Ligand code: MSP
């Protein structure tokens, strides 16, 4: 990571149909890190967008009887709207049909020609339009007379046409050296091993242009060819920073990218092709590619072609975006695949958000409002129970920054929700309501510590459930620029005398 600058991307989405919960998952995951680093003083650039060229899009447009660009305008807008519904904090939304992107792709192509890494020949082999990927004979099987990719399960077609090739085979050892030198380039480690084994098994030159359709960026000086959609799409990460103007502020500040968040199905493109293209063009590769698992429905990846889609916009309308964001991040272990269901969603909202965090905030805020005139004061007398809670919280928080630096969001969420659980337990055990007449100093102290815990938990949960936590932090009068992890270095989160504002119910229990 370059100093205090943090550049994070989602994959740019194929607008070849309506977005589903798998798309939402990649975006929310990236958004949480964008918010986390922003809250903690980094200059963040968070990019998302749409990947609009290639045969898949051309065919989707034909089905709707629309010119490809008109079709893309329509569906790209749906993804833009989704980013708002998901409460993404993206700084830009790039479309690969924009002028700025063409300039970047042309420049990268020319660099690869100049370096001698691209040559003209003929492609003969299998191609999946759905994955926009080439497959070898040994990656194909036959089912009901159809040829299918073992990797993705999508149907492949035989392609024979003139094509430019990228000399990927020449990059085998250089890539292996690169992975060795950059241990955390691919995370999680299981994915890194997968990629290394794949590269070790031998790389073939990659076809990087097509001549049998027209919807794409034309090869400079040879408009019979359009550039392979993955070479085109990956370049979006550069175009958004104004590449090829390498002196542009954005490029200087944010390249190389800190992390590309992607699903495991597109790992090969990001962890093999992308660094090879960049190294060949003399551009520094990104610092990391983090590959999350799939959301499954039954045993299968959720996708339009499989007809098992949960619509994220509908879920958000019913349950709210904080709840959907939290559930997806908590439930699906980020390295592996995870099943989701409405029943689990409801259970998760009820147990973690309504009964645990929501209830903690509600009970403490309303008790202070009704019994202390909305004001509490910390005393110097700290009890053993107070000390225990403070210590346990310290233990649970001390490694959280490190966990986040490796995208270990599951561990992070579990620790934070555990702090909320322990704080509820502390209140149950300490029973401040029994001290109203006998020991108001102790009662104040319990409530003050409870508020401090709520403040810490809300700061920690803010990147995940920004709406609810912002309400709590505003009711505690904590300014936006102070909603960070500086309490880990011993800084106070709330003043010793604190006046709180009213707080409405955050999460209703779903019956
Ligand atoms: N257009 C390419 C990305 C180009 S990036 C230079 C693409 N688009 S996609 O719309 O098909 O997928 C976008 C992202 O959503 C990918 O990271 C993919 O892994 C993710 N998901 C799509 N379905 C998914 C699930 N069912 N579960 C989790 N994520 C999955 O690929």
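What follows is calculated from the coordinates using simple rules that are stated; it is not laboratory data. Keep in mind that this is a model prediction, so the values were computed, not measured. Here Cβ is always computed from backbone atoms with ideal geometry, including for glycine, and neighbour counts include all displayed protein chains.
The figures follow:
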| quantity | calculated |
| --- | --- |
| Least to most buried among 485, 66, 82 (fewest other Cβ within 10 Å first) | 66, 485, 82 |
| Convex hull per residue volume in Å³, alpha carbons only, for region 120-253 | 151 |
| Residue 421 paired with residue 78, simple spin-label distance in nm, labels 7 Å along Cα-to-beta-carbon | 4.0 |
| Calculated FRET efficiency for the pair residue 103/residue 66, C-beta based, R₀ 25 Å, to 0.05 | 0.45 |
| Alpha carbon centroid spacing (whole Å) that separates region 328-403 from region 450-473 | 9 |
| Extended-chain gain in nm, criterion 0.36 nm per residue less alpha-carbon gap, residue 142 and residue 248 | 33.1 nm |
| Whole-number D in µm²/s for the chain (Stokes-Einstein; Kirkwood sum over Cα pairs; 37 °C, 0.692 mPa s) | 132 |
| Where a label projected 7 Å from the Cα of residue 480 along Cα→Cβ would reach, residues of region 5-43 with amide N under 19 Å | 6, 31-43 |
| Listed peptides 150-160, 99-109, 455-465 by packing density, highest first (mean Cβ within 10 Å) | 455-465, 99-109, 150-160 |
| Relative contact order %, the chain, counting alpha carbon pairs below 8 Å whose residues are six or more apart | 15 |
| Rg and Dmax of region 457-511, Cα atoms only, in Å | 12.4, 41 |
| Net length gained if the chain between residue 173 and residue 395 were fully extended (0.36 nm per residue, minus Cα distance) | 75.6 nm |
| Whole-number Å³ per residue for the convex hull built on Cα positions in region 53-162 | 179 |
| Sorted by Cβ density within 10 Å, fewest first, the residues 499, 208 | 499, 208 |
| Between region 61-139 and region 198-225, the Cα center-to-center distance that results, in Å | 12 |
| Convex hull volume per residue in cubic angstrom - Cα atoms of region 339-443 | 126 |
| Extension gain (nm, one decimal) between residue 441 and residue 339, 0.36 nm per residue minus Cα-Cα | 31.8 nm |
